[in-house]
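Take a look at the structure below.
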Amino acid sequence: MKILVIGSGGREHAVCRSFQKSGRAVRLYCADGNAGIAALAECVPIKPDEIEKLAGFAESEAIDLTFVGGETALALGITDEFEKRGLKIVGVSGSAARLEASKAFAKDFMARHGIPTARYRTAFSTAEARAVLDSGFFGDERAPAVVKADGLAAGKGVVVAPDRAAAVRAIEELENLVGRAAAEKIVLEECLVGREVSLLAFCDGENFALMPPVRDHKRIGEGDTGPNTGGMGTISDRSLLTAEQIAQIAADIIEPTLAGARADGFPIRGILFLGLMLTVEGIKVLEYNVRFGDPETQVILIQLETDLVEICEAMLGQTLDRIEIEWRPGSAACVVLAAENYPNRPRTGDRIDGLEAAAALDHTEIFHAGTKRDAAGRFVTAGGRVLGVTAVGDDLPEALERAYRAVAEISWDGMQFRRDIGGSLSLES
Ligand code: AMP
Ligand code: GLY
């Protein structure tokens, strides 16, 4: 069976690893991969936004199954193009991808289908956005508000403003931050308070199967300080959500989301990723993503015991209700090792030492994100987030200890990471 994975990050390395562990004889391809993925898959130099080329490659190589890692290709309609050509692909349609690609679309969808989320207004210009704030929609000048660019902004399009003056500044700066297209519409939201957690589900349009809950650490600095990044680490631990909370999310959020999407004509067949806030008024949706997260996937898939090929086939065949998906009991943690100067323009080309020793440790997987090999065949840094050092354990402290033990083996000039991943895990709020 020939499988093509689309993307080049740690998420895609984890997906490739899961496919490699399949009971089927799998031949893996990845477009366009990285130096770690190259050990498992044949890397093909096609970028995720080159939809026609990817479809052409899948046709000419007779790929049996394609798995899409990130949102760019999904938003561009890769799934629709592959399906038009009769190619099997796991990932939502372009219409369903609007749940992630347009925050205004997602908020209207939630409002229409009664899905709990923060109160909001969509503005079509900077002036209109200011007028919404001045109208007192969020309360007086001291009230916080959240300013969001409508379009895809790689995590940079959200500003949590502590008061109205800061919100006005955020509105004015948004276009510089994310570009004109992404900031054409501005979503203003009430600021929610609570603990954040992410819950992902495999979906076949009708049925869904939950994955273990995850928490990410978005800020670059310890103690959640400094600018946001794509993610500096994640943990997965059953204590993040109680059984009651999971049942409530399934009934009040996931079921109405799947039913709403069907009613609106874009059934969700692929992965649904809920960013949630546990507030005193109940659990609310912060955002939808329609794909695996990075580095959420690393801690999720390291716990997956069922064959990922079987799950993909069930998503495509609408038979998710007929399979039992098994997860390793316990916890998992991923510590991201980033290059100097990340999340600004990272320095690249630094030689990475200690990878072999780290990879040899038990219960640990080193997922590559921004790596390549130099002329001498040695691993060097090639991006902002370089490696995702991931481990499982019987409980969270054990998983964290194993991940950090592996981190201690690895080094390069300018390597940075957070020492407090999983540290602020607490159940209050
Ligand atoms: P998003 O990309 O929409 O998930 O937003 C990124 C981050 O901004 C979230 O993970 C939250 O930490 C924060 N955020 C987004 N929306 C809100 C909100 N309404 N209230 C408080 N924080 C928010
Ligand atoms: N780690 C956040 C994301 O993948 O969206």
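The values are calculated or read from the model by the stated rules, or taken from the named source; none is laboratory data. The structure presented is a predicted model; accordingly, all values stated were derived computationally and were not measured. Because the Cβ atoms are built from the backbone with ideal geometry, glycine has one as well, and the counts that use them run over all protein chains shown.
Residues that are on the phi > 0 side of the Ramachandran plot, part of a loop (DSSP other than H, G, I, E, B) and touching a strand residue (DSSP E or B) at 6+ places or on another chain (Cβ under 8 Å): does region 221-228 have at least one? Yes, region 221-228 contains a residue that is on the phi > 0 side of the Ramachandran plot, part of a loop (DSSP other than H, G, I, E, B) and touching a strand residue (DSSP E or B) at 6+ places or on another chain (Cβ under 8 Å).
Please work out which residue is surrounded by the most Cβ atoms within 10 Å (Cβ to Cβ), limiting yourself to region 262-282 and to residues that are within 13 Å of ligand 1 (Cβ to nearest atom) and farther than 27 Å from Val335 by Cβ. Steps first, answer last, please.
Within region 262-282, the subset within 13 Å of ligand 1 (Cβ to nearest atom) is 273-279, 281.
This time we only want the ones that are farther than 27 Å from Val335 by Cβ, so: 279, 281.
Details: Thr279: 15, Glu281: 11.
Result: Thr279.
The residue that is nearest to Glu356 (Cα to Cα), among those in region 30-71 that are among the polar types (S, T, N, Q) and touching a strand residue (DSSP E or B) at 6+ places or on another chain (Cβ under 7 Å), is Asn34. Name the one entry in Ala181, Ala166, Ala259 that is away from ligand 1 (no atom under 16 Å from the Cβ), in a helix (DSSP H, G or I) and either polar (S, T, N, Q) or surrounded by fewer than 17 Cβ atoms within 10 Å (Cβ to Cβ) (or both). So the residue among Ala181, Ala166, Ala259 that is away from ligand 1 (no atom under 16 Å from the Cβ), in a helix (DSSP H, G or I) and either polar (S, T, N, Q) or surrounded by fewer than 17 Cβ atoms within 10 Å (Cβ to Cβ) (or both) is Ala259.
Among the residues of region 18-49, those identified as acidic (Asp, Glu) and within 21 Å of the chain's Cα centre (by Cα) are Asp32, Asp49.
Condition check ((1) surrounded by fewer than 22 Cβ atoms within 10 Å (Cβ to Cβ); (2) within 16 Å of ligand 1 (Cβ to nearest atom); (3) small (Gly, Ala, Ser)) across all residues:
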| site | (1), (2), (3) |
| --- | --- |
| Lys53 | yes, no, no |
| Ala62 | yes, no, yes |
| Thr66 | no, no, no |
| Asp80 | yes, no, no |
| Asp108 | yes, yes, no |
| Gly114 | yes, no, yes |
| Thr122 | yes, yes, no |
| Ala127 | yes, no, yes |
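The single condition among (1) of a type outside the set (Gly, Ala, Ser); (2) at pLDDT below 90; (3) more than 16 Å from ligand 1 (Cβ to nearest atom) that Leu174 does not meet is (3).
Can you say whether Ala143 is outside any strand (DSSP E or B) and within 15 Å of ligand 2 (Cβ to nearest atom), as far as the supplied structure shows?
Values: outside any strand (DSSP E or B): yes; within 15 Å of ligand 2 (Cβ to nearest atom): no.
The answer is no for Ala143.
Residue-level check: of (1) crowded, with 22+ Cβ neighbours inside 10 Å; (2) within 21 Å of the chain's Cα centre (by Cα); (3) not β-branched (Val, Ile, Thr), Pro343 misses just (1). Here Met315 clears all of (1) outside any loop (DSSP other than H, G, I, E, B); (2) within 29 Å of Val187 (Cβ to Cβ); (3) touching a residue at least 24 places away in the same chain (Cβ under 8 Å) except the condition numbered (2). Within region 185-211, being among the charged types (D, E, K, R) and either within 13 Å of ligand 1 (Cβ to nearest atom) or surrounded by fewer than 20 Cβ atoms within 10 Å (Cβ to Cβ) (or both) holds for Lys185, Glu189, Glu190, Arg195, Glu196, Glu206. Listed here are the strands (runs of 3 or more DSSP E) enclosed by region 360-429 that have at least 1 residues being closer than 21 Å to Ser18 by Cα and of a type in the set (S, T, N, Q): 364-368, 371-373, 385-393. The test for being in a strand (DSSP E or B), in contact with a helix residue (DSSP H, G or I) (Cβ under 8 Å, 6 or more places away or on another chain) and more than 22 Å from Phe266 (Cα to Cα) does not hold for Thr66.
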